[in-house]
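Student: Just dropping this structure here.
The values are calculated or read from the model by the stated rules, or taken from the named source; none is laboratory data. Quick caveat: nothing in here was measured; it's all calculated off a predicted structure. Heads up, the Cβs are rebuilt from the backbone with ideal geometry, glycines too, and the neighbour counts pull from every protein chain shown.
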Amino acid sequence: MPAAPERLRWPAEAIWQAVEPLWPGFTVEVLPEIDSTNTELMRRCRAGRLEPVLLVAEHQSAGRGRLGRSWVSSPGASLTFSLGLPMRPPDWAGLSLAVGVSVAERLAALGVAGLALKWPNDLWLGAAKLGGILIETASMGAQRYAVLGVGLNVRKPDLPQPQPAAGSVPLVPAAGLQSVLKLNAPQVLGQVVPALMQDVRHFEREGWPAFAQRFAALDGLAGRRVLLSDGREGLACGLGAGGALRLQTVDGLIEVVSGEVSVRPQD
Ligand code: BTN
């Protein structure tokens, strides 16, 4: 008889207690299945629901990644959640980088070695992708609502992953957190979210400069030759003031903004 799927116990109450003092009105919601936690929070935002919320899905049927890609995972194979937050930072530049820093630092503090951030939105374990971040925002009157989506592979994905354009280095998914950390998806969530909510508050006050050095310590591209999806290539030289990727190319030093390109290390 096939093994019954693991029944997950989500630490919703503990997360709520840790976060609510910092984010009044905060709620936690766990759904067995939805199309995409980002899509759902954007729908709620458009319907005028702008309260701070953590939405977790045990399974997403239409998870989304950057640049129109999909985030594919079978039930239990990835930790997928989104935070919907009314935010007022003076400058939004670098928010997704700050989220990556927060998640990576927390996992490293739990003992995961070999983590790196691949600008702009990927979390890598060794030479393979462990997770990704998808940030979306919407304005409702004077308010701006941010949806911060995080997907982390808990097990090595057993479904084919969307691949970058032909000619790029193929994307190899990492073995998953459970190969290096004896925590399941709910336990990882309980460790990551309270620290992330503090870091997002910090970002609201201080902006990207408060995270720049922390990112540099985790920068998985610095000093490597990289190829952009628009054909440009060069040597990655860290990030510029607003979190743009600095590339030394044959035509000089350029700054790449995260908008529409994807980046692959060539080595
Ligand atoms: C990427 O690698 O391009 C970003 C992946 C982001 C995936 C997460 S899973 C939770 C949230 N809901 C989604 O549909 N996407 C994000």
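Student: Among the strands (runs of 3 or more DSSP E) contained in region 193-267, which hold 2 or more residues that are touching a residue at least 12 places away in the same chain (Cβ under 8 Å) and within 16 Å of Val101 (Cβ to Cβ)?
Tutor: The strands (runs of 3 or more DSSP E) meeting that bar are 233-239.
Quick grid of which residues meet (1) surrounded by 24 or more Cβ atoms within 10 Å (Cβ to Cβ); (2) touching a residue at least 60 places away in the same chain (Cβ under 8 Å):
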| position | (1), (2) |
| --- | --- |
| Gly84 | yes, yes |
| Trp92 | no, no |
| Gly111 | no, yes |
| Asn121 | no, yes |
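Student: Please work out if Trp124 is more than 16 Å from the ligand (Cβ to nearest atom) and either outside any helix (DSSP H, G or I) or not hydrophobic (A, V, I, L, M, F, W, C) (or both).
Tutor: no
Student: Same structure again: Say we look at region 205-229 and pick out the residues that are in contact with a strand residue (DSSP E or B) (Cβ under 9 Å, 6 or more places away or on another chain) and of a type in the set (D, E, K, R); which of these is nearest to Gly243 (Cα to Cα)?
Tutor: Across region 205-229, the extreme among qualifying residues is Asp219.
Student: For Ile133, all conditions in the list (1) touching a Ser or Thr at 6+ places or on another chain (Cβ under 8 Å); (2) surrounded by fewer than 20 Cβ atoms within 10 Å (Cβ to Cβ); (3) of a type in the set (A, V, I, L, M, F, W, C) hold save one; what is the number of the exception?
Tutor: Evaluating Ile133 over (1) touching a Ser or Thr at 6+ places or on another chain (Cβ under 8 Å); (2) surrounded by fewer than 20 Cβ atoms within 10 Å (Cβ to Cβ); (3) of a type in the set (A, V, I, L, M, F, W, C) leaves (2) as the failure.
Student: Against the condition among the polar types (S, T, N, Q), at pLDDT 95 or above and buried (at least 17 other Cβ atoms within 10 Å of the Cβ), how does Gln213 come out, does it pass?
Tutor: No.
Student: Return yes or no: is Gln143 farther than 29 Å from Gly231 by Cα, at pLDDT below 80 and polar (S, T, N, Q)?
Tutor: So Gln143 fits the description; yes.
Student: Okay, next question. Which residues, taken from region 89-107, are assigned to a helix (DSSP H, G or I) and over 16 Å from Pro194 (Cβ atoms)?
Tutor: Leu95, Ser96, Leu97, Gly100
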